[in-house]
1. Rounded to whole Å, give me the distance from the Cα center of the stretch B:99-140 to that of the stretch A:6-50.
2. What ranking of B:SER2, B:SER23 emerges when the number of other C-beta atoms within 10 Å of each C-beta is taken as an exposure proxy, fewest first?
3. In debye, nearest 20, what is the charge dipole magnitude of chain B about its Cα centre with +1 on Lys and Arg Cβ and -1 on Asp and Glu Cβ, if you could check?
4. Where does the stretch A:1-89 land on Rg(C-alpha)/(2.2 N^0.38 Å)?
5. Only counting other Cβ atoms within 10 Å, I'd like A:TYR7, B:TYR48, B:TYR60 sorted with the fewest neighbours first.
6. Around A:VAL19, with a cut-off of 15 angstrom between Cβ atoms, what is the net charge of the other residues, counting Lys and Arg +1 and Asp and Glu -1?
7. Kindly provide the helix-only [θ] at 222 nm of chain A, computed as the sum of -39,500 (n - 2.57) over DSSP H runs of four or more divided by all residues, to the nearest 500 deg cm²/dmol?
8. Would you list the P(r) distribution for the protein assembly as shown, with all Cα-Cα distances sorted into 5 Å bins from 0 and each bin expressed as a whole %?
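What follows is calculated from the coordinates using simple rules that are stated; it is not laboratory data. Computed from a predicted structure; not experimentally measured. Quick reminder, even Gly has a Cβ in these numbers, built from the backbone with ideal geometry, and neighbours come from all protein chains shown.
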Amino acid sequence: MNDIQSYLAVASILFSLGVFTVITRRNAIAILMGIELILNAANINFIAFNRFGGMERLDGHIFAIFVIVLAAAEAAVALAIIINLFKNIGTVDVDQAKELRG
Amino acid sequence: MSSLLFLFLIVMIIISAVIVAISSQLIHSAVALLFTLFGVAGLYVFLYADFMAATQVIIYVGGILVLIIFGVMLTNKINTPSIASSSVNQIIGFLASSFLLLLQFAVIFKTDWPQKTFNESWGTGTTAKIGNLLLQDYLLAFEVISILLLAALIGAAFLSRRSS
């Protein structure tokens, strides 16, 4: 039960649900939540491989920390952009944000 | 007992992630994301990653999720029908994500992964080792990512200020 396959399976389910969220949602904040799911799936993989590859070195943990930092930076900037979008066009529907569409 | 808890964590993660993906109320998705992130922190505990579990709870649940809920509340009109309930491309999304899922399952269950069992020498906690790695082998990456984080925070504050 507590073997690497179960962790990888959970991570791949999380990843697929994140991809589904990103593809189907039109609300920009919901898309951001899908991205968080994908990043969490990647983090589970990093830490599971680190643990089952023997924990002599903790490089996987370091990578997971960097992923979390990037997720924090990305969430801050993305929410600033989304709030600006809401102020300018009154909605956070990504299909409505088409000013720059060629 | 431990495997029962593990099963409970997995079920909680998957159910709340499904709610994140398909709930029609955006705030319900945000609350379900809370349970997903807590469940992932629990998985880190099972993987002997104590520092990562604490980091996950502090940064994701205490930081990013609060930010997301603030975003939901600042941009969602309560009375009008929310656009979160309308979703597009459901068939394409389902096909693409289930294709990815099957592909990953095929790889996961056909590969012979390394399976090191628990070693007593791990049992002293990971925080000191992570600190040594961050300030020795990964010092450059650590400094670069701290500057990136500072730049991202200044940029976010700049983007979201009220224009004069």
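1. 18
2. Working: B:SER2 9, B:SER23 18.
Going from least to most buried by this count: B:SER2, B:SER23.
3. On the way: 6 positive and 5 negative charges, 103 e Å.
In debye, rounded to 20, chain B gives about 500.
4. Values: Rg = 15.7 Å, N = 89, 2.2 N^0.38 = 12.1 Å.
Rg over 2.2 N^0.38 Å, computed on Cα atoms: 1.29.
5. On the way: A:TYR7 23, B:TYR48 18, B:TYR60 27.
By the 10 Å Cβ count, ascending, the order reads B:TYR48, A:TYR7, B:TYR60.
6. Values: positive: A:ARG25; negative: A:GLU36.
With Lys, Arg at +1 and Asp, Glu at -1, the neighbours total 0.
7. Working: 3 runs with 77 residues, N = 102.
Result for chain A: -27000 deg cm²/dmol, rounded to the nearest 500.
8. 1, 6, 12, 16, 17, 16, 13, 9, 6, 3, 1, 0, 0
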